[in-house]
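Bear in mind these aren't lab numbers, they're just calculated from the coordinates by the rules spelled out. Being a predicted model, the structure only gives us computed values, none of them experimental. When we count neighbours, we look across all protein chains shown, and the Cβ atoms used for this are built from the backbone with ideal geometry, even at glycine.
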Amino acid sequence: MKTLTLAIALLLSTSAYAGIWPGDTEETGSWKKLEQGVALVDLSEGSGPPAEVGARVSVHYTGMLSDGTVFDSSVDRGVPFEFRIGDHQVIRGWEDGVVGASVGTKRRLIIPASQGYGDRATGPIPPGSTLYFEIEVLGIVLPRRAPTQMADSDPGDFRSDKTGLLLHDLQVGDGRKPVEGERVCVDYHGWMDGQLVEHTYARESCQWFRYEEGKVIDGLYLAVRKMKEGGVRQVRVPPELGHGKDHESIPEHATVMYEITLVEARPKSN
């Protein structure tokens with residue numbers, strides 16, 4: 001994924017040219033100043049849910065210096081720029097300045113050097129530069145939400161297997177069963193003493209891994225066995241099949257309850 005820095009680097013060999021904005025920027029519209037010093041104003045409002053930390057956004061932008069020199073523009077390239085808010089793929093001023101915008105929002109940002117490139121030069125951008133951006137939000141993919149609890153199950157619903165797991169199928173899938181060595185994609189959330197201790201929902205999609213022993217914790221590897229795509233399974237993972245000492249939120253000797261969804265099992269040829 002390109003970063004904003006890399007996108008700027010694409011234009012370092014081209015000659016900069018003068019743009020229309022900035023000018024008497026503080027007199028245009030109703031500017032809002034954020035805590036870290038970024039100023040913003042919306043030229044037009046968008047619609048739909050606003051961008052938030054964790055969202056993936058697609059934007060067109062034009063970046064300018066205080067004299068109106070354009071140093072980069074996705075509009076000129078005809079290729080929108082995508083990044084995920086909070087992943088530090090862009091300068092801090094962008095991280096803060098895009099939050100709250102909706103699809104269709106056109107926004108101007110004035111980013112102080114402390115929230116931009118600081119005291120270092122970046123191609124045509126001199127050290128200590130205040131940066132001026134005009135952006136248009138083209139798309140937003142909001143982050144997924146982790147479940148707030150596990151589905152209710154009675155202790156009698158669970159069956160034991162020879163590995164030490166307790167299993168309960170909430171939903172039997174109707175797709176393929178994973179085969180050793182294939183890539184599988186799962187979603188899961190794990191609970192200990194009523195607290196969520198790990199999950200895959202911070203990702204944009206389910207977690208892919210090769211279905212082989214040693215690629216994930218033994219409890220997860222064994223729990224997926226004999227599941228079918230679309231299946232949802234609860235599993236009690238004892239400490240000897242868990243993370244051991246390798247997880248900061250789960251004690252070494254803890255038993256964890258997981259709810260696992262097998263989203264896809266992809267044949268090796270794919």
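Note on residue 226 and residue 209: the extension gain reaches 4.5 nm, defined as 0.36 nm multiplied by sequence separation minus the Cα-Cα distance. Dipole orientation for the chain: of the candidates 68, 21, 208, 208 has the Cα lying most toward the positive pole (charges on Cβ; Lys, Arg +1; Asp, Glu -1). Taking each DSSP H run with n ≥ 4 as -39500 (n - 2.57) and averaging over every residue of the chain yields -2000 deg cm²/dmol at 222 nm.
When you filter the GluC sites (Glu not before Pro) in the range 18-109 for DSSP loop state and at most 10 other Cβ atoms inside 10 Å of their Cβ, you are left with 35. A Förster radius of 45 Å, combined with the Cβ-Cβ distance separating residue 158 from residue 269, puts the computed FRET efficiency at roughly 0.80. If a spin label sat at a point 7 angstrom from the Cα of residue 44 along the line to its beta carbon, the backbone N atoms of the range 122-147 nearer than 20 Å would be those of 133-141. For the chain, the tally of Lys pairs with Cα-Cα distances below 19 Å comes to 12, considering only residues 8 or more apart or on different chains.
Efficiency by 1/(1 + (r/R0)^6): what FRET value for residue 77 and residue 195, r their Cβ-Cβ distance, R0 = 41 Å, to the nearest 0.05?
Values: r = 47 Å, r/R0 = 1.14.
Taking R0 as 41 Å, the efficiency between residue 77 and residue 195 is 0.30.
A full extension of the chain between residue 252 and residue 145 corresponds to an added length of 35.8 nm, given 0.36 nm per residue minus the alpha carbon distance. For the range 165-230, GluC sites (Glu not before Pro) are listed when DSSP marks them as loop and at most 16 other Cβ atoms sit within 10 Å of their Cβ; the list is 180, 204, 212, 213.
For the range 59-147, the list of trypsin sites (Lys or Arg not before Pro) that fall in a loop by DSSP and count at most 13 other C-beta atoms within 10 angstrom reads 120, 145. Labels on offer are [x] -0.39, -0.49, -0.59; [y] -0.24, -0.32, -0.40; [z] -0.34, -0.43, -0.53, and the one holding log10 I(q)/I(0) by the Debye sum over Cα atoms at q = 0.07, 0.08, 0.09 Å⁻¹ computed from this structure is [x]. A dipole drawn for the chain from +1 and -1 charges on Cβ atoms has a positive end, and of 195, 170, 143 the residue lying farthest that way is 170. Can you tally the net charge around residue 126? Count Lys and Arg as +1, Asp and Glu as -1, for every other residue whose Cβ sits under 13 Å from the Cβ of residue 126. Computed value for this residue: -1.
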